[in-house]
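Student: Structure incoming, see below.
Values in this text are rule-based calculations from the coordinates and carry no lab data. Worth saying up front: this structure is predicted, and the values here are computed from it rather than measured. Note that we place each Cβ from the backbone using ideal geometry, even for glycine, and neighbour counts take in every protein chain shown.
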Amino acid sequence: MNVDVVNSDVVKADVVIIGGGIAGLSLAWALAPTRTVVLVEAEPALAFHTSARSARQMQPHYGPAVIQELTRRSIAMVEDISATLAAPILIPRPLIMLGNHAEVAELLAGQPGLKLLGHTQAMALSPDLRPDTFFAAALDDSAKEVDVPALLEYYRRQGLAAGATVLLSAPVTTVQHDDTGFTLTAGEHEIKASVVVNAAGAWAQEVATLCGVPSQSLIPYRRSVAIVSTAGPVNPAGPMVEPFDESYYFRPHGGNLLISPCESVPAPAGDAQVVDADIRALIERIDAVTTLGITGVVRAWTGLRTEAPDGIPVVGFDAAVPNFFWLAGQGGYGIQTSAALATLAAAMITGTLPAADQELAGELSPQRAGVL
Ligand SMILES: Cc1cc2nc3c(=O)[nH]c(=O)nc-3n(C[C@H](O)[C@H](O)[C@H](O)COP(=O)(O)OP(=O)(O)OC[C@H]3O[C@@H](n4cnc5c(N)ncnc54)[C@H](O)[C@@H]3O)c2cc1C
């Protein structure tokens, strides 16, 4: 990705965003039209960590109500973005959830947008399933797959076009705060800004500590994905399939299969690595529920999903340190909520939050009960 070259010793901005994953880049896109923005990324490339390691899904019925609202808004916004690009970045990827009759009935009662699938219908949509491994199913036919690299590139390009500056290989290592604002050391750069945004993903607690902010209870959890080849052909238009206990998922990935053990294991912030035993056990599991016959691992990766105790992102100004803004704790929803969350965060920072969004913002607040 191209990056603005900055030669001056001191970079000044209204807002400095720490972190060049999807959270930081989407905020640069949303904020740059009205504020001077500098985004600093520790790595030599943008989206090096979790944002490059997702399953690329946008599922409007996944997660708590506040996430579902943000996802529905984001899908509409990404559809608009997609319409401006040469190739679409959003494709339908229906989700089938497998379980027993009681699980499906309970889910459908709470989520009217989902559809009941009979056993025969589920087998027709996903003919590679072994028929004796589930009793009933629910379908979310509004779920999408998104081209994440293209979305990240859109946010970056639009942010730069609106005047944002992006600095790579610029880890923030010191932060001072006084009445005039924040002064940061980021690699070889000194940056002065009125507002600091913590979009540091798994490092959000470390960045808060650097800024003298009492940290939130944000914990990174590792999760892996593998792309595997199969003896049987994979229908590229097939659905994503996941059981109710979320013990695995799989979906087509080109002519291969993307699979995940859906593990959620606490891990230190860092360049998370695959645990081979997890992938071996997962392959056995997928072979037990499908007839595709996995023949090999094309590649596998692990990323960190960082969560607050209630699983809801932490977004808003901190109460203890003025002008320190949280954009963290997106967990497994950071891709599917990025457009709406960035728009909401930008409105909070510029003091232009619509009255209709106050309640939503309150649910994300760093000051909400149970998050500290
Ligand atoms: C296997 C897996 C599957 C997933 N699937 C989905 C999915 O289908 N849909 C979905 O919505 N979400 C999914 N997620 C979650 C999603 O990927 C994350 O919520 C999202 O990428 C988090 O983005 P981020 O920008 O907060 O973090 P990151 O992408 O990790 O970005 C944070 C950045 O901050 C930088 N940084 C840290 N400290 C500093 C510092 N001191 N100075 C400068 N820079 C710093 C880091 O280098 C990093 O680049 C998945 C996650 C995993 C692991």
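Student: What lysines could a cross-link reach from Lys115, if we take a straight Cα to Cα line under 18 Å and drop same-chain neighbours fewer than 8 places away?
Tutor: The reachable lysines, counting only those whose Cα sits under 18 Å from Lys115, are Lys144.
Student: With +1 on the Cβ of every Lys and Arg and -1 on the Cβ of every Asp and Glu, and nothing else charged, how large is the dipole of the chain about its Cα centre, in debye rounded to the nearest 20?
Tutor: Roughly 520 debye for the chain.
Student: Give the order of Thr165, Thr185, Thr71 when sorted by the count of other beta carbons within 10 angstrom, beginning with the fewest.
Tutor: Exposure proxy ranking, most exposed first: Thr185, Thr165, Thr71.
Student: With point charges of +1 on the Cβ of Lys and Arg and -1 on the Cβ of Asp and Glu, referenced to the Cα centre of the chain, which listed residue (Ser229, Ala346, Leu107) lies farthest in the positive direction of the dipole?
Tutor: Positive-most Cα among the choices belongs to Ser229.
Student: For the chain, set up a GNM with springs between Cα atoms under 10 Å and report which of Asp310, Asp245, Asp140 has the largest fluctuation.
Tutor: Asp245
Student: Go ahead and set up a Gaussian network model of the chain, Cα springs under 10 Å, then flag whichever of Ala345, Ala76, Ala13 fluctuates most.
Tutor: Evaluated over the chain, the most mobile residue of the options is Ala76.
Student: Let me ask something else. Dipole of the range 1-99 (Lys/Arg Cβ +1, Asp/Glu Cβ -1, origin at the Cα centre): which of Leu98, Gln57, Val38 lies farthest to the positive side?
Tutor: Leu98
Student: With charges only on Cβ, +1 for K and R and -1 for D and E, what is the dipole size of the range 100-183 about its Cα centre, in debye, rounded to 20?
Tutor: 220
Student: Please report the antiparallel percentage of DSSP beta bridges with both residues in the chain, rounded to the nearest 5.
Tutor: Percentage antiparallel, nearest 5: 70.
Student: State whether the range 330-372 is rounded, prolate or oblate according to the following rule on the C-alpha gyration tensor (a ≥ b ≥ c being the square roots of its eigenvalues): a/c under 1.5 gives rounded; otherwise a/b larger than b/c gives prolate, and the remaining case gives oblate.
Tutor: Since a/c reaches 1.5 but b/c is at least a/b, the shape of the range 330-372 is classed as oblate.
Student: What does the extension gain come out to for Ala288 and Val10, with contour length at 0.36 nm per residue minus their alpha carbon separation?
Tutor: 94.2 nm
Student: Can you tell me the order of 352-364, 93-105, 267-279 when each peptide is scored by its average per-residue count of other Cβ atoms within 10 angstrom, highest first?
Tutor: So the peptides 352-364, 93-105, 267-279, ranked by packing, come out 93-105, 267-279, 352-364.
Student: Let me ask something additional. By a straight-distance test (C-alpha under 21 Å), which lysines pair with Lys12 as possible cross-link partners, with residues fewer than eight away in the same chain excluded?
Tutor: Lys192
Student: Normalising by the residue count of the range 237-297, find the relative contact order in percent from Cα pairs under 8 Å and 6+ residues apart.
Tutor: 21 percent.
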